[in-house]
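Beneath this line is the structure, given in structure tokens, with notes to follow.
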Amino acid sequence: MNIHRFLLTLFILTTVNVFACECSYIKSVEKEFKNVDYVLTGKVISIEFLQIVKVDKRKSTIKTSKTLDKLDVFKGSVWSKITLETIEVFKGKRRKKNQIIYTGTSDGDCSFYFKKGEEYLIYAFKDSWETKELRESKRKYKNIIYTNTCTRTKIIDNKEIANIKLINN
């Protein structure tokens, strides 16, 4: 009996909470268009990764890498930095020819996985709560755009783009 209690106690003490991405539902095109700050299409020209590493309670540093395996997810949050060649902006201010979008890097943070060379229809938020830690770490991240799998972001969908153009007029 004692061995059973010991094993049960050991199991409970070593169990780690795992948080998975949970989207309540994907909104309609009309609702999502109204809800987000940016809707645009673009082609991925580069993917980089950055990590916020806490130096102490008040200070943090940002490490960047071309590959995810150079960063240690146990040392701080990791972000994907997606650089897009902007094709068309349906909502939001066009910033430059290239647009930078951020997303997470794991299933638990509802990350959207982009592929270099692919074209996407992107629904994104400006300064969302997901990017609070990143925005607070450095001044240059104050006005960033963020997306995830809980939005309607996807590979280019001409039917949906036609619908967006109808909504936008």
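The values are calculated or read from the model by the stated rules, or taken from the named source; none is laboratory data. Bear in mind that the values here come from a model prediction, so they are computed numbers and not experimental data. Virtual Cβ from ideal backbone geometry, glycine too; neighbours counted across all protein chains shown. Note: areas computed on protein heavy atoms with side chains; ligands, DNA, RNA excluded. Shrake-Rupley method; radii C 1.70, N 1.55, O 1.52, S 1.80 Å.
For the range 30-40, a tally of residues being out of contact with any Phe, Trp or Tyr (no Cβ under 6 Å at 6 or more places or on another chain) and surrounded by fewer than 20 Cβ atoms within 10 Å (Cβ to Cβ) returns 5. Return a yes/no flag: does the range 22-29 have any residue that is small (G, A, S) and crowded, with 17+ Cβ neighbours inside 10 Å. Scanning the range 22-29 turns up no residue that is small (G, A, S) and crowded, with 17+ Cβ neighbours inside 10 Å.
Going through the range 127-169 one residue at a time, which ones are assigned to a helix (DSSP H, G or I), at pLDDT 90 or above and not hydrophobic (A, V, I, L, M, F, W, C)? Of everything in the range 127-169, those that are assigned to a helix (DSSP H, G or I), at pLDDT 90 or above and not hydrophobic (A, V, I, L, M, F, W, C) turn out to be N158, K159, E160, N163, K165. Residues of the range 96-118 include at least one that is in contact (Cβ under 8 Å) with a residue 60 or more places away in the chain, open to solvent by less than 70 Å² (accessible area, probe 1.4 Å), within 16 Å of L134 (Cα to Cα) and not in a loop (DSSP other than H, G, I, E, B). Filtering K43, K31 for residues that are touching a strand residue (DSSP E or B) at 6+ places or on another chain (Cβ under 7 Å), under 23 Å from R94 (Cα atoms) and at pLDDT 85 or above leaves a single hit, K43. Residues that are surrounded by 12 or more Cβ atoms within 10 Å (Cβ to Cβ), of a type in the set (A, V, I, L, M) and outside any strand (DSSP E or B) within the range 55-87 comprise L68, L71, listed in sequence order.
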